[in-house]
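Take a look at the structure set out below.
The values are calculated or read from the model by the stated rules, or taken from the named source; none is laboratory data. Keep in mind that this is a model prediction, so the values were computed, not measured. Here Cβ is always computed from backbone atoms with ideal geometry, including for glycine, and neighbour counts include all displayed protein chains. Surface areas here come from the heavy atoms of the whole protein model, side chains and all, with no ligands, DNA or RNA. Shrake-Rupley method; radii C 1.70, N 1.55, O 1.52, S 1.80 Å.
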Amino acid sequence: MLKKRTSLFLASIMTAILVCGIVALVRSETRGPTGWEKGQPSVNEIEDLLSRMTLSEKIGQMNMPCVYEAGLGKDEQSKVEGVRKFTAGTYVQGIGPAGGFFTLANTILHQGARQQATFFNELQKIALEETRLKIPLLETEEGTHGLMASGGTIFPEGLGIGSTWNMDLVKQIYAVAAREGRAVGIHQLFTLVVEPNRDPRLGRNEEGFSEDPYLCSRIAEAIVHGTQGSDVSGPEQVVAGLCHYPGQSQPASGMERGAMEISERMLREVFLRPWVAGIKNAGALGVMATYPAIDGVPTHSSYQILTKILREELGFQGLVLGEGGGIGTLEYERLAPSQKEAGAWALGAGLDVGISFEPGYMDPLIRSVEEGRVARELIDRSVRRILLQKFKLGLFEHPYVDVDHAVEISHAGPHQDLALRTAREGIVLLKNENQLLPLSRTVKSIAVIGPNANHQRNQLGDYIAHHILQEVVTVYEGIKRKVPPTTKVTYVKGCNVMGTAVNELAAAQKVAREADVAVVVVGENERRAPDGTDGEGKDVASLDLTGLQEDLVKAVFETGKPTVVVLINGRPLSVRWIAEHVPAILEAWNCGEQGGAALADILFGDTNPSGHLSITIPRHVGQLPAYYNYKPSKEYWVRRAGYVDMPATPLFEFGRGLSYTQFEYGNLQITPVSIPPAGEVIVSLEVKNTGARQGEEVVQLYLRDEFSTVTRPVKELKSFRKISLNPGESQTVKFRLTPQELCMLDRNMEWVVEPGNFEVMVGRSSEDIRLRGEFLVKE
């Protein structure tokens, strides 16, 4: 029975592959521009190289395995020899030289830029001198919030970047990651997570930037512009590998790899929008297929998602990489009985590169071709794309790097300064009762308490190097450096993030009583800890503080001393008791290597906080989904009835961010007040700093379509601007609304601008709306 089903399965694969358009798949890659820039080949050059490759060599190019995979060796030394041999094409019998490697530097090169650049040069020398066709390697590393390799600058992660609302800053962050990566010999940075965060229970959502598709779209464009620049072959540019296409952040039960049970409308209105921005608008050349099944079809097998939408609709011209073990998703989702069938299906769908040493893209794939079960044209299609990517990067002309230059670039002073600036701008002041903050410099004693107050790796987040070479400034260290030597700063851990093994609540109370002010730093810990709570594969059922942390905050608060709570975490936490009782709260997120210095700057007023939440913080996990742009059916109960046991409103709303100064909004102008569907509207207003100190404000514009033919959100972010104002200074802020901001998917799933009234809302957050107006779209 199984044999019969397998035969039918393979037959269906072949039918799908042939019927779904080999010709269409091939022609998009064989048609090139008439004038190639320097470093770009003619179509004939690629086809000539492709024609001289054996099937074994082609399959080798399609494998760029993660070096942490056991298939390349059990320990660091065996992996070093494994990658050398795979580069030469002598590691796996019947498989030619590797196309490149993924996460090589982070896995086996822990001494910094000199070692990394030297070893990558060595591998390129093997590829160019010891292989038949002399094809250079394509090296890929993670770049989620800085180059993930020892010595790379570590920026705040995910929501810490998103909460800056500063697109120029985002571009600079990823330009630094690209510069540091290219200097050591890395050509692609992946795990640049542009999908909206829609369920904070998912551990790896800490990699993402926001719940909002518009904000994610602007971030996606900034990332691509920063990494790829205007010429990806440049000495400081790399490919932007956007993840995880087309999304995985709203999985069933909030659990890793859970199916995305969403409609096509939600797919297109929410999840695809950042990909349109990053690929169609900005030209990203890298995509990683997501784990989940979407509408019952695992993405690694979806021709609709990986080819029809990605390449035909969005015009994608780069490489599609699998997720770690991604081909295997077809097995555990019970679409394929083995890796052989799974690999054939993934190839037909449009997956170019395997990164996990999976059999589906190795010998079983060769056998499928030889048996006539997989068309050779499909192999050629992926290899053609791989060769083109290497030509685009200029690797055939410039495969080697300057080792001394790599050392000079890695973790350079300006890069550290940028990490500090990012941390400052991403910290959000959530509450400041009676202006407890900023703290006075005359304070005589400070108690610094909590499991994250003096823990370096916990404040860095996920996707960081295994071996950290640079100093990481913790909150405790940052405060000590900020205050005069005469100020007494006392540290007590208090408890662990998880469990009850460490219980120093009495000690924490003692130092708090003896201090003038207490700073309590709680939240989440890194996923590689034995009891890690956040990061990939670290999903949660509750968003409350874990372990004894809330008890610790209560114990300190009960001393009666002024208390500040600092949250260091990768996901929103439902800190209801803290929000009600503690006078001052700072959300620092995973704040990077300079996070402690940035927090000290804000605690003592050297920096005025300017971060605004890029995600909603719910009161309780039972409110999920909690994102602000919900549909009208929820609005009635949120505003009027709520839940029986608590309000339905968020604990802290999307866009919220307090300041040490005050801003006044006025003089809203909307012109014209009536437009045709193809028209544009200019919205202008005045913002004035009415406080006593300089500050930065994030001016947010939301729209509501008052009546429509399908259900629309109660409000949607459509533009924003971050401005800086001195005391008493005013600035005119203008927004331009085009059909792109006004359009919607109608009942026929077509993007249209429907006639009717649109309400304009401008303010400091999704709830703190300061100005309202409207305009009409005429029939």
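Figures for the structure shown
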item: Filtered residues of segment 306-322 (kept if open to solvent by 10 Å² or more (accessible area, probe 1.4 Å) and of a type outside the set (S, T, N, Q)); result: K308, R311, E312, E313, L314, G315
item: Every pair of residues 6+ apart whose Cβ atoms lie under 7 Å, when the first sits in segment 327-346 and is part of a loop (DSSP other than H, G, I, E, B) and surrounded by 21 or more Cβ atoms within 10 Å (Cβ to Cβ) while the second is of a type outside the set (A, V, I, L, M) and at pLDDT 95 or above; result: A336/W345
item: Elements of type helices (runs of 4 or more DSSP H) contained in segment 347-432, each with 2 or more residues being under 30 Å from the mean Cα position of the chain (by Cα); result: 376-392, 403-409, 413-426
item: Pairs where the first residue, in segment 613-640, is farther than 22 Å from V698 by Cα and the second is of a type in the set (D, E) and surrounded by 14 or more Cβ atoms within 10 Å (Cβ to Cβ), C-beta under 7 Å, 6+ apart; result: L624/D199; P625/D199
item: Subset of segment 291-321 [closer than 10 Å to L351 by Cα and not in a helix (DSSP H, G or I)]; result: S302, L319, V320, L321
item: Test: residue in segment 106-124 that is under 17 Å from the mean Cα position of the chain (by Cα) and surrounded by fewer than 24 Cβ atoms within 10 Å (Cβ to Cβ); result: no
item: Residue match in segment 58-77 (condition: more than 27 Å from the chain's Cα centre (by Cα), closer than 28 Å to I468 by Cβ and among the polar types (S, T, N, Q)); result: yes
item: So T164, is it crowded, with 24+ Cβ neighbours inside 10 Å, under 30 Å from Y628 (Cα atoms) and among the hydroxyl-bearing types (S, T, Y); result: yes
item: Residues of segment 515-536 that turn out to be among the acidic types (D, E) and either outside any loop (DSSP other than H, G, I, E, B) or touching a Ser or Thr at 6+ places or on another chain (Cβ under 9 Å) (or both), as a count; result: 4
item: Among the residues listed as A512, A507, A501, the single one being in a helix (DSSP H, G or I) and open to solvent by 40 Å² or more (accessible area, probe 1.4 Å); result: A507
item: When residues of segment 536-566 are limited to those that are farther than 22 Å from E157 by Cβ and among the hydroxyl-bearing types (S, T, Y), the one most open to solvent (accessible area, probe 1.4 Å); result: T559
item: Residues within segment 636-665 that are open to solvent by 80 Å² or more (accessible area, probe 1.4 Å) and modelled with pLDDT of 95 or more, tallied; result: 2
item: Looking only at segment 85-105, and only at residues there that are hydroxyl-bearing (S, T, Y) and over 30 Å from the mean Cα position of the chain (by Cα), the one that is most open to solvent (accessible area, probe 1.4 Å); result: T90
item: Residues within segment 421-432 that are surrounded by fewer than 22 Cβ atoms within 10 Å (Cβ to Cβ) and farther than 12 Å from L586 by Cα, tallied; result: 1
item: Qualifying residue in segment 435-443 (condition: surrounded by fewer than 20 Cβ atoms within 10 Å (Cβ to Cβ), in contact (Cβ under 8 Å) with a residue 24 or more places away in the chain and under 22 Å from K538 (Cβ atoms)); result: no
item: Residue count, segment 657-715 (criterion: within 20 Å of L613 (Cβ to Cβ) and either in contact with a Cys (Cβ under 7 Å, 6 or more places away or on another chain) or of a type in the set (F, W, Y) (or both)); result: 4
item: Residue within segment 397-417 that is at pLDDT 95 or above, of a type in the set (A, V, I, L, M, F, W, C), open to solvent by 10 Å² or more (accessible area, probe 1.4 Å) and within 30 Å of G325 (Cα to Cα) present; result: no
item: S674 vs. criteria touching a strand residue (DSSP E or B) at 6+ places or on another chain (Cβ under 8 Å) and surrounded by fewer than 20 Cβ atoms within 10 Å (Cβ to Cβ); result: yes
item: Residue match in segment 567-582 (condition: of a type in the set (K, R), touching a helix residue (DSSP H, G or I) at 6+ places or on another chain (Cβ under 6 Å) and either open to solvent by 20 Å² or more (accessible area, probe 1.4 Å) or part of a helix (DSSP H, G or I) (or both)); result: no
item: Some residue of segment 583-592 being surrounded by fewer than 24 Cβ atoms within 10 Å (Cβ to Cβ) and either more than 24 Å from Y643 (Cβ to Cβ) or touching a strand residue (DSSP E or B) at 6+ places or on another chain (Cβ under 9 Å) (or both); result: yes
item: Verdict on K58 being of a type in the set (D, E, K, R), more than 22 Å from E142 (Cα to Cα), at pLDDT 95 or above and in contact with a helix residue (DSSP H, G or I) (Cβ under 7 Å, 6 or more places away or on another chain); result: yes
item: Pair list, Cβ under 7 Å, 6 or more apart: segment 68-84 residue open to solvent by 30 Å² or more (accessible area, probe 1.4 Å), other residue hydroxyl-bearing (S, T, Y); result: Y68/T103; Y68/T107; E69/S356
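Results for (1) open to solvent by 20 Å² or more (accessible area, probe 1.4 Å); (2) not small (G, A, S), shown as yes or no for each residue.
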residue	(1), (2)
N667	yes, yes
G679	no, no
E696	yes, yes
I723	no, yes
